[in-house]
Structures are given as structure tokens and as C-alpha cells.
Amino acid sequence: MKILGIETSCDETSAAVVLSDGRNFEVKSNIVSSQIKIHAKYGGVVPEVAARIHVEAILPVVEAALGKDGAKKIDAVAVAAGPGLITSLLVGNEVARILSYLWKKPLIGVNHMEAHIYANWLLNQKINFPVLCLVVSGGHTELILMRGHGKYEVIGETRDDAAGECFDKTAKILGLGYPGGPAIAAEAAKFTVQSSWFIEKLPRPMMATPDFDFSFSGLKTAVLYAARDLKNKYKMEEIIPAMAYEIQEAIVDVLIAKTMKAAKKYNVKTVMLAGGVSANKRLRERFVEAMKKELPGVEWSVPPFEYCTDNAAMVAAAGYFHAAKKDFTSWQKLKVDPNWEL
Ligand code: KG4
Ligand code: ZN
């Protein structure tokens, strides 16, 4: 089955063609047009601006993804229908509806978080259920238990800010650019524990609580107060790498501790990462280390970098599993839902 995927939930306009027989996924194309440079000027995504840029970008992006074969042999169109920014979502969804109508091909509305999870299937490694997935993005931090395809149980989630949001907001406090995740990671990489004369210890919120929930707003406030105090004593550029390092360690410590605890409790066969924050090198390293040490024998999966942040190949992969069950919608019925929860 050959699926055209479309993704416009936030600030990336993306289209992909993915071929699959259910065992192997072949990404024929995955075109991502990022708006990051434009939103960086404002320090975050401006929804109205994002939607206008999606309108300009979407058809060239779809055309590039289809390549010289055009619409030939496309079996279905899958589109991320939520959660996300409503006006951004509408652009991708209108294009998907029109293509489905013109090509007379089935349409699939995919949940954006489900698509992040299915980025793991693009690796073509056999994935055994039950699966535990840590989904960490700009708007979500969730531990999701999957007992089969399309079966999601949220066993823990953030009570306030998402992990990505914490990276973005603390980066803003330190005067680093948007998006904050890669900016914090780059500064943290400059820091070496041995050579440091300074480190401000930050809290690890909810790390030891018996549930599987998260909270990151306290960490953000701690960074705000620490930066305010330290600014009077040191030059910001002197303390930023150490602060960035400690922010990253604090977020990663909490994410890993809760993920390992949940994996043990639910006795899962596979543990995976998903979402934009899973592009973080330190999180990936610490996850693999913890899996080998604490859960030998349990399989693990980490999506390739290009499929961690928003892209349409992951939407097509999730779409494949709906299509295999003939779980389609019609262009008349497809609705976007900016608050769609798994
Ligand atoms: O999944 P995603 O691309 O969009 C949403 O669905 O939200 O995730 C974006 C989030 C942003 O908060 C961004 O700062 C974070 O992922 N991110 C990272 C890294 N790359 C992106 N966080 C930490 N380290 C990274 N390397
Ligand atoms: Zn996303």
C-alpha cells in the first residue's frame, strides 16, 4: 500500500510518500519545509503567521513528495487532524480532503501523537507488544501503554508544562533562541563537569512520586530565580553552559526514572521514545544506557533523528495501520480537532 502523508499541525509543512506491506516501511519521500527561522524572530510560534506560511508551502511540498510519479498508485491519503494549532491543521486537512475527493482515494485522519509513536515503525525492526512509549514533544509529555496497534492507555502525563515547553521556556530565560531544545542541548555540550567551577543544582520535580505523572513548571521557575540571582554575580555567557547542562540533566533524569519504573510495573516487551524531544542526544544516550542496565532482555526503539520532530512520514506510517483495518473516513466527515487526546 502506498500512502501520501500530510502534516501541518504546528510550524512544519510536510508531505511524504510511504510504501508498506505491514512488515517493511519504505519512505519514498519525506519533504519538510520548516518555518522555524521565521518564528525564531518572535521567540515562539505565531499561529496566524504559521497558517499563512502553510498555505504558501503546502502545494509545492506535496508536489515534491509525489515526485515524478505524481498521484499514480497512491492508495490512501493520511493527514494529522489534531492535536495542534487549529488554523495550521486546517491547511493540511483541506488539501487532504480535496486530494481524496479528486483522486477518489480513501482518507485517514491521524492523531499527531499517534503519528509520533509510529515513527518507530519506520525503523523496520520487529516491535512486540505490550509497548511502553515515552512521548515527549512541545505540547505533550505522556507515558503511553500500547497492548496492540491503535490501543492506547495513557498511564502518566504532565500536570503542567510539557518537557519540550520546559526546554523552550528555560532557553528563553537564558536568552537562547527558539526552539529551546536544540539551543539548550548545544550549550550543554560545551560544558564539562571536570572543568567546571560552577554548577547550580536544580530540582527534579515529581521524580520520586509513586505515580507516572510529570511536572516541569517548578523547574522553569527554579531556573528563573537562579538566573536572576546569578546575573548579579557573573556574566550570563559564563554560566549559560553549566545552567543548560543542569536543565537538560534535570529533565532527562525525571523522564528516564519514570519511564523505567513504568516499564517494570507493566512488564512490557518493548520501550520506545517518540516526539521532538526524543531528538535530544543526551536523552537518547541515557535511555539506551538505562535500558541495558535496568531492563536487559527488554527491546527498545528510538526513532531516527529526522523522524523525531514533526514530519509526514510518521503520519503515513500511522495511516498505514488504519488503512490495513479499513479504518477510513470520508472527505465529507473529516474534522480537525485541536485538542484531540489519544
Ligand atoms: O514534536 P515536535 O517537533 O512538535 C510538537 O509536536 O510539539 O516537538 C517540538 C519540541 C520543541 O519543544 C523543541 O524544543 C523540542 O521538541 N526539541 C528538542 C530537541 N529538538 C527539538 N528538545 C531537546 N533537544 C533537542 N535536540
Ligand atoms: Zn509533534
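All of the numbers you see were taken from the coordinates with simple rules; none came from a lab. Owing to the predicted nature of the structure, the values given are computational and were not obtained by experimental measurement. Cβ placement follows ideal geometry from the backbone for every residue including glycine, while neighbour counts extend to all protein chains displayed.
Annotations for the structure displayed:
- Applying a threshold of 21 Å to the alpha-carbon distances of 169/264; 41/172; 41/233; 73/335; 37/335; 201/264 flags 169/264; 41/233; 73/335; 37/335; 201/264 as lying beyond it.
- Angle of helix 163-173 to the longest C-alpha principal axis of the chain, folded into 0 to 90 degrees and rounded to 10: 50°.
- A cut-off under 15 angstrom between Cβ atoms defines the neighbours of residue 264, and their net charge, with Lys, Arg +1 and Asp, Glu -1, is +3.
- Residue of 251, 184, 155 that the Gaussian network model of the chain assigns the largest fluctuation, springs spanning Cα pairs under 10 Å: 155
- Measuring gaps between exposed loop sites in the chain (chymotrypsin sites (Phe, Trp or Tyr not before Pro); DSSP loop; at most 15 other Cβ atoms within 10 Å), the longest gap, sites not included, is 43-196.
- Reachable aspartates and glutamates, given that their alpha-carbon falls under 18 Å from the alpha-carbon of residue 231 and they are not under 8 places away in the same chain: 187, 200, 246
- Descending principal axes extents, region 129-268, alpha-carbon based, whole Å: 53, 28, 23
- Exposure proxy shown here: for 236, 113, 314, 207, the number of other Cβ atoms within 10 Å sets the order, fewest to most, as 236, 207, 113, 314.
- Mean ellipticity per residue at 222 nm, deg cm²/dmol - from DSSP H runs of n ≥ 4 across the chain, formula -39500 (n - 2.57): -13500 deg cm²/dmol
- A Cα-only calculation for region 26-176 places Rg and Dmax at 17.5, 51 Å.
- Across region 86-96, rounded Karplus estimates of 3J(HN,Hα) from the backbone phi angles (6.51 cos²θ - 1.76 cosθ + 1.60, θ = phi - 60°) give 4, 6, 5, 4, 4, 4, x, 5, 5, 5, 4 Hz, Gly and Pro being marked x.
- Bridgeable aspartates and glutamates around residue 258 (alpha carbons under 18 Å apart, same-chain partners fewer than 8 residues away excluded): 142, 153, 157, 160, 161, 211, 213, 249, 285, 289, 294, 299.
- Its alpha carbons considered, region 1-105 gives a radius of gyration followed by a Dmax of 14.0, 43 Å.
- Out of every Cα-Cα pair that the chain contains, those further apart than 40 angstrom amount to 13 percent.
- Going by neighbour counts of Cβ atoms within 10 Å, the residues 123, 174, 4 line up, fewest first, as 123, 174, 4.
- Computed over the chain with a Gaussian network model linking Cα atoms closer than 10 Å, the most mobile of 280, 120, 24 is 24.
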